[in-house]
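Engineer: Below you will find the structure I want to go over with you.
The values are calculated or read from the model by the stated rules, or taken from the named source; none is laboratory data. Bear in mind that the values here come from a model prediction, so they are computed numbers and not experimental data. Counting neighbours? That spans all protein chains shown, and the Cβs are built from the backbone with ideal geometry, glycine included.
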Amino acid sequence: MSTSAEGRQSVGEAQEFQPAAGRLAGVHVVSLAGTLPGPVAARRLTAEGAQVVRVEGPGGDILRLVAPALVDDLVHDQQVVRLDLKDPVDRASLDELLDGADLLLTSSRPAALARLGLTPEGVAQRWPRLGWVAIVGATGDRADEAGHDLTYQAEAGLLGSGTELPRVLLADLSCAERVVTEAVLALRQAELHGVGGHFEVGLVEAARALGEPLRHGLTAPGGILGGGNPVYAVYPARTGRVAVAALEHHFQVRLLEQLGVEGTHEALAAVFLERDAQEWEDWAVTHDLPVVAVR
C-alpha cells in the first residue's frame, strides 16, 4: 500500500493480517464508515470471517477522542489504514483497495463522497461486482441532510416526554444490523447476477422500524408493555429495582402463586419491597420466572 507523506501509514502494516475463518471467509470489505453504525456492522462482518480494511482519515476516527477503548474493540482483527482521500496518491490507494474488494461501506453524505469521485454510477462502471452499502441519515432525496442518533430518534418518536438523553443509541445500532443484512444481500446479488449494486440504509428508517410497537400502542403509556400490565413492570426492591416480565399465562399464575399476592400493581409493589433486588433474581431462577435485578 502506498502512502503519500512521511508518517502516513497503514496501522496494520507491521504484522501480516490473517482473516478469521467463518461463513464470510474470502469476502473482502473496505470500510470508509466511521463513528458507530459502520464500525459495528464491520465488526459483525469480521466476526463471520470477512477481511475488513478500515480506512480512516489522517487524524483517525473522531470516536477515538471520546471512546478509544470502544474503537479498539470495534476494529479488532481489522486492518486500519489512514489515508487523506483529498490527496491524489492516497485517493489512488483507495482505488487499489477497491480493486480487490467485494463490499464497500460508507457513512459520509453522498455529496461529500461525490467530491471524492465516489458516485453510484462511477463505482458501478469501474467495479461492477462491488456491493456498496451507504449509511445515510434518510434514504432518497434526504440523504444529504445532517443528523445524528438523537435527531433520528426524535423524528421517529422514540424519545420520552422529558429532556433525558437516551442511554442506547437505537438508530445507530439498529442501522448497523440493517447494514449487515444489505451487505449479505449485495454479496448474494453479485453471486447470482454478477452485479453488486448500491444500497442506502437510512438511520431514520431504522429508528422508525423500532418505533412500530409504540405506534401500535403496545409500548405506549398504559399499553400492555407500557405500564398497563402489573406483571410486566419495574418495581422498587428493598435495595435496587426488579424487572418483572411474566407475560405468558403460566408465568403469571406461577408468579402470583409463589408470591401469594393478587395481580395488582399495589400488591406486587408491596411484596417486592421485602427483599433486595439480587435476592429476587436468585429466587426467580429457582422458580423459573422472568424476574431480574435492574443493573
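Engineer: Within the stretch 206-215, does at least one residue satisfy the condition of being under 15 Å from S107 (Cβ atoms), crowded, with 18+ Cβ neighbours inside 10 Å and charged (D, E, K, R)? Walk me through how you get there before you give the answer.
Structural biologist: Let us first name the residues in the stretch 206-215 that are under 15 Å from S107 (Cβ atoms), namely 206.
Still in the list and also crowded, with 18+ Cβ neighbours inside 10 Å: 206.
Then keep just the ones that are charged (D, E, K, R); that gives none.
No: zero hits.
Engineer: Report yes if some residue within the stretch 106-123 is assigned by TED's automatic domain parsing to the domain that holds V195, of a type in the set (S, T, Y) and free of Cβ contacts under 8 Å to residues at least 60 places away in the same chain; otherwise report no. Show your work before the answer.
Structural biologist: From the stretch 106-123, those assigned by TED's automatic domain parsing to the domain that holds V195 are 106-123; that's our starting set.
From what's left, of a type in the set (S, T, Y): 106-108, 119.
If we keep only those that are free of Cβ contacts under 8 Å to residues at least 60 places away in the same chain as well, we get 119.
Scanning the stretch 106-123 turns up at least one residue that is assigned by TED's automatic domain parsing to the domain that holds V195, of a type in the set (S, T, Y) and free of Cβ contacts under 8 Å to residues at least 60 places away in the same chain.
Engineer: Something else now. Using the structure shown, decide if P221 is part of a loop (DSSP other than H, G, I, E, B) and at pLDDT below 95.
Structural biologist: When the stated conditions are applied, P221 passes them.
Engineer: Could you check the stretch 134-191 and list, in sequence order, the residues that are of a type in the set (K, R) and either outside the structural domain of S107 (by TED's automatic domain parsing) or buried (at least 18 other Cβ atoms within 10 Å of the Cβ) (or both)?
Structural biologist: Of everything in the stretch 134-191, just one residue is of a type in the set (K, R) and either outside the structural domain of S107 (by TED's automatic domain parsing) or buried (at least 18 other Cβ atoms within 10 Å of the Cβ) (or both), namely R178.
Engineer: If you go through the stretch 60-81 one residue at a time, how many are in contact with a helix residue (DSSP H, G or I) (Cβ under 9 Å, 6 or more places away or on another chain) and more than 24 Å from E177 (Cβ to Cβ)? Spell out how you get there, then give the answer.
Structural biologist: Taking the stretch 60-81 and keeping what is in contact with a helix residue (DSSP H, G or I) (Cβ under 9 Å, 6 or more places away or on another chain), we get 60-61, 63-64, 70-78, 81.
From the residues that got through so far, the ones that are more than 24 Å from E177 (Cβ to Cβ) too are 60, 81.
Here the count works out to 2.
Engineer: Among the residues of the stretch 100-131, which ones are of a type in the set (D, E) and surrounded by fewer than 15 Cβ atoms within 10 Å (Cβ to Cβ)?
Structural biologist: Listed by number, the list holds a single entry, E121.
Engineer: Only one of V123, V168, V133 is more than 22 Å from G57 (Cβ to Cβ) and either modelled with pLDDT of 95 or more or assigned to a helix (DSSP H, G or I) (or both); which?
Structural biologist: V168
Engineer: With (1) in a helix (DSSP H, G or I); (2) touching a helix residue (DSSP H, G or I) at 6+ places or on another chain (Cβ under 8 Å); (3) among the aliphatic types (A, V, I, L, M) as the list, and A270 as the residue in question, which single condition is left unmet?
Structural biologist: Unmet for A270, out of (1) in a helix (DSSP H, G or I); (2) touching a helix residue (DSSP H, G or I) at 6+ places or on another chain (Cβ under 8 Å); (3) among the aliphatic types (A, V, I, L, M): (2).
Engineer: I'm trying to understand the selection: among the residues of the stretch 242-267, which are surrounded by fewer than 16 Cβ atoms within 10 Å (Cβ to Cβ) and either small (G, A, S) or assigned to a strand (DSSP E or B) (or both)?
Structural biologist: Within the stretch 242-267, G260, G263, A267 meet the criteria.
Engineer: Mind checking which residues of the stretch 192-218 are under 19 Å from W127 (Cβ atoms) and either part of a loop (DSSP other than H, G, I, E, B) or outside the structural domain of G122 (by TED's automatic domain parsing) (or both)? Before the answer, list the steps.
Structural biologist: Narrowing the stretch 192-218 to residues under 19 Å from W127 (Cβ atoms): 192-200.
Correct list: G194, V195, G196.
Engineer: Specify which of the listed residues (A233, A237, A284, A277) is surrounded by 14 or more Cβ atoms within 10 Å (Cβ to Cβ) and farther than 27 Å from G160 by Cβ.
Structural biologist: Only one candidate qualifies: A284.
Engineer: Out of all the residues in the stretch 167-199, which are closer than 20 Å to G211 by Cα and of a type outside the set (S, T, Y)?
Structural biologist: R167, V168, L169, L170, A171, D172, L173, C175, A176, E177, R178, V179
Engineer: Ok, one more. Kindly indicate the residue of the stretch 63-94 that is assigned to a loop (DSSP other than H, G, I, E, B) and over 17 Å from the mean Cα position of the chain (by Cα) and also surrounded by the most Cβ atoms within 10 Å (Cβ to Cβ) among those meeting that condition.
Structural biologist: Applying the first criterion (assigned to a loop (DSSP other than H, G, I, E, B)) to the stretch 63-94 yields 66-67, 75-78, 83-87.
From what is left, the residues that are over 17 Å from the mean Cα position of the chain (by Cα) are 66, 77-78, 83-87.
On the way: V66: 8, D77: 15, Q78: 23, L83: 25, D84: 17, L85: 20, K86: 11, D87: 15.
My answer is L83.
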